[in-house]
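Visitor: Below is the structure I would like to discuss, written out as structure tokens.
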Amino acid sequence: MQKNLFFNRELSWIEFNNRVLFEACRKDIPLLERVQFLSIVTSNFNEFFQVRVASIKRAQKIDNRKKDISGYTPSALLKQISVRAHEVVNQKNEVLQKEIFPLLEKEGYVYVKPDKMTQEQKVFCQKDFNDNILPLLTPLRTDTETFPLISNLQYHAAFLLKPMAGITPMNKEFFIKDGKQAIAFVQIPSGINRLIWLPTKSKTKQFTLIDNLILEYGTNLFPGFEVKESMLFNVIRDADFAVDEESGNNFIEAMEEVLIKRQSSFAVRLNCNNSSATIKKFLMKNLELEPDDVYECDQLIDPGCLLEIGKLEETSKYKFESWEHFYSKSLPEDEPYWDVLKQKDVLLHVPYESYNPVVKFITDAAEDPAVIAIKMTLYRTGNDSPIISALKKAAQNGKQVTVLVELKARFDEERNIAWANELERAGVIVIQGIVNLKVHAKILMVIRKEDNSIKRYVHLSTGNYNPKTARLYSDLSLFTSNSLIANDATTFFNIVTGYSALQSMKVLSMAPVNLKSNILAMIQREIRLSSPANPGMIIAKMNSLTHEEVINALYDASRAGVKVMLNIRGICMLVPGVKGMSEKIQVISIVDRYLEHERVFYFKNAGQSEIYLSSADWMDRNLDRRIELMFPVLEQDIFDEIKETLDTYFKSNINAHQLRSDGVWIARRQVTGTESIRAQEVLYKKYKKISDKKKGPKIQFKVRRK
């Protein structure tokens, strides 16, 4: 087959972040939202280098001749990653320096470096440093046998030191021999705000950073030395560790060892300002990094600290207009949902609709005397979760509560370990995941005793049980008491919590058992039923598309005349628009105020259309190496609502990009004379209209008076 069948996964991921950066460059977006997008790019790159780049560097050492599916060897891919990542990061820094800082200053928020401070501000900073910062700092020498540990992602200040004339340092041999200069590191405290407001007599609000104070006054840490050069930096380390799940050791202890290893694993990337070539060279040598691994900036490595400005009351005008999270039109706010769910399924679309019904569903179950058991999976739950509190309460109320907590959820391992221990102490049956598979399915089942029998209520979702991210991530979930789904839910929990041979499920599909094969079968069915008079259609919305078998099946569908419409937020390895291969395939991406997270799959099926929701993207890890679920939409009104939502996304000509066959994403533009369509705004207005209609007009009574 031809060589350009697949875009490279990592390079596609960088292009996703370039689309995020595109939003930061837009002058029609509120100022602090632009800062937020810059911060997201920074955070995303941190994770990317910790996981993906680290894994490629390991592959380079193992077998540098082996090519990936897109035709790259590890070395060639690392080079391309460096080139494109540097372009994106440099543009990010340029937007910050040339647009964001000048706009902030224009609006009265002025970033002040030490050399621009007034005398009053210098006195304030010196005192603040001595009183609140200096006691937290620990200088680290580098002339010892062991190079100091530079923890993953932790910001440091580095100082190039030279003894003052007439001063003999304790380790004089180090300095006397060849006239060496010393380099010392100081870790910047992470427990305090990096942004510091300065006193000023002007009408502006002026601020600096804790980084500046440490670089400026850190000389106090080195009496008898003069600082020749200084630099701010952090190091990104390999975090792509897998715990040995079959070693027989305590699994939680093994996971905790992984967390410790992340702090001292091999370095992948150096972020620094460009103030000291000497220190940069020293760090590169000791961290074994190449020039391609170094990313320099003029000032802020992470613009996220500027979001502190958004905490000021008067800054709301620099953010998106507040959007309400409307309560579901189908669910009562003050009563349990049991009677409603006996009659019909209920769809929830967050964050347009409030996530409170999910929390209420669990809380009601915890308090309801008729509820005898609760079973659910937890992947990412967030801090101070009301869901955790409800599960503990349920166990304390004598209900059997079983929770499968996925301890291997990357970068949430420590939090999930804490939740697992807390739930166990409350009497919850906790299952610590499944050996060699991550449990990524999102499912909750409540078992209630009704009329001398039991009734099962199920909640299935495309997103995590996390009330905080549910205000920012767009996800779909389903409440149901449908007996077919309930039976399959029971089977699912039996499989993942105990010793159970794999059993067939009637309506739910489960990875890695049959979810992939069912998707491939539905694509093949679409090919078989498609004809020139009645062409097939597949519409799929997901986070990422990387699975080779699925992509090849979609190519086959395109060749057979099936129209394929893909809405991919992040990575897309499929090449659209190639004659004779993928000319019937269209790929778009939406990047807006909410993170698009739903997984929705539509198949025309010769007029007997089907829609499925899922926790799984069409990626190797989801379909082959994780426990995932896909569930059908069985009620027509919900089907119609989801189909209308899918259609809205493909009409969007604002905050939307389209993928070309050369790998370039082009911003969709409004055609002159056509309607301006921003998908998320259309959806928000839709749910607002529903909510307003639900509230109805206020009735006013006219009172007759004499």
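Each reported figure results from applying straightforward, stated rules to the coordinates on display, with no laboratory input. Since the model is a prediction, treat every value here as computed from it, not as a measurement. Cβ placement follows ideal geometry from the backbone for every residue including glycine, while neighbour counts extend to all protein chains displayed.
Visitor: What's the local net charge at residue 93, with K and R +1, D and E -1, over the other residues with C-beta under 13 Å away?
Guide: Counting the neighbours of residue 93, the net charge comes to -4.
Visitor: Still on this model: Using the per-residue mean of other Cβ atoms lying within 10 Å as a proxy for protection, in what order, highest first, do the peptides 585-596, 606-617 fall?
Guide: Listed from highest to lowest mean packing, they are 585-596, 606-617.
Visitor: Let me ask something else. Structure shown: which of 317/685; 162/285; 344/541 lie over 23 Å apart, alpha-carbon to alpha-carbon? Can you show the working numbers first?
Guide: Values: 317/685 20 Å; 162/285 20 Å; 344/541 25 Å.
Beyond 23 Å between Cα atoms: 344/541.
Visitor: Which whole-number percent is the relative contact order of the chain (Cα, under 8 Å, 6+ apart)? Could the numbers behind the result be given before it?
Guide: Working: 1243 pairs, mean separation 79.4, N = 706.
After rounding, I find 11 percent.
Visitor: So for the stretch 338-502: antiparallel DSSP bridges make up what percent, rounded to the nearest 5?
Guide: Given both bridge residues lie in the stretch 338-502, the antiparallel proportion sits at roughly 70 percent.
Visitor: Let me ask something else about it. Give me the dipole magnitude in Debye, nearest 20, for the chain about the Cα centre, with unit charges on the beta carbon: positive for Lys and Arg, negative for Asp and Glu.
Guide: Computed about the Cα centre, the dipole is about 1740 debye.
Visitor: Go through 506/563; 342/686; 79/584 and tell me which ones have a Cα-Cα distance over 31 Å in this structure.
Guide: Those over the limit are 79/584.
Visitor: With both bridge residues required to lie in the chain, what share of the DSSP beta bridges run antiparallel, to the nearest 5%?
Guide: Restricted to the chain, the bridges split so that about 70 percent are antiparallel.
Visitor: Spelling out what I want: for every residue of the stretch 303-312, take phi, set θ = phi - 60°, compute 6.51 cos²θ - 1.76 cosθ + 1.60 (Karplus), and round to whole Hz; glycine and proline get x.
Guide: x, x, 5, 5, 5, 4, 4, x, 6, 6
Visitor: Take every Cα pair under 8 Å in the stretch 333-489 that's 6+ residues apart, average their separations, divide by the length, and report that relative contact order as a whole percent.
Guide: Taking the mean separation of contacting Cα pairs over the length of the stretch 333-489, I get 31 percent.
Visitor: Defining a contact as two alpha carbons under 8 Å apart and six or more residues distant in sequence, what relative contact order in percent does the stretch 178-233 show?
Guide: Working: 31 pairs, mean separation 12.7, N = 56.
In percent, rounded to a whole number, it is 23.
Visitor: Let me ask something else about it. Only loop residues by DSSP count here, and only those with at most 15 other Cβ atoms within 10 Å; note down the trypsin sites (Lys or Arg not before Pro) in the stretch 30-127 that meet that.
Guide: The qualifying sites are 65, 66, 67.
Visitor: Excluding residue 371 itself, calculate the net charge of residues whose Cβ lies under 12 Å from the Cβ of residue 371, where each Lys or Arg counts +1 and each Asp or Glu counts -1.
Guide: Result for the local shell: +3.
Visitor: Filter the chain for me: DSSP H helices, axial length by Cα at least 20 angstrom, mean Kyte-Doolittle hydropathy not below -1.0. List them by residue number.
Guide: What comes out of the filter, once short or polar helices are dropped, is 9-25, 31-48, 74-95, 483-497, 515-529, 636-651.
Visitor: Taking the Cβ of residue 105 as the centre, find all other residues whose Cβ is under 13 Å away and add up their charges (Lys, Arg: +1; Asp, Glu: -1).
Guide: Residues near residue 105 contribute +4 overall.
Visitor: Any idea which of 521, 505, 544 is furthest toward the positive side of the dipole for the stretch 484-613, if Lys and Arg beta-carbons carry +1 and Asp and Glu beta-carbons -1?
Guide: Of the options given, the answer is 521.
Visitor: Counting only residues 5 or more places away or on other chains, whose amide H sits under 5 Å from the amide H of residue 353 once H atoms are built in the peptide plane?
Guide: Counting only residues 5 or more places away or on other chains, the set is 326.
Visitor: Given H placed 1.01 Å from N in the peptide plane, which residues other than close sequence neighbours of residue 475 have an amide H under 5 Å from its amide H?
Guide: When sequence neighbours closer than 5 places are left aside, the close amide H contacts are 350.
Visitor: Please list, in chain and number order, the residues 5+ apart from residue 110 or on another chain whose amide H is under 5 Å from its amide H, with Hs placed from the backbone.
Guide: So residue 110 has HN proximity to 205, 206, 207.
Visitor: What 222 nm value per residue comes from the helices of the chain, counting each DSSP H run with n ≥ 4 as -39,500 (n - 2.57) and dividing by all residues, nearest 500 deg cm²/dmol?
Guide: So the helix-based figure for the chain works out to -10500 deg cm²/dmol.
Visitor: Taking a cut-off of 16 Å between Cα atoms, list the lysines near residue 92, but don't count ones fewer than 8 places away on the same chain.
Guide: Here the lysines satisfying the reach criterion relative to residue 92 are 27.
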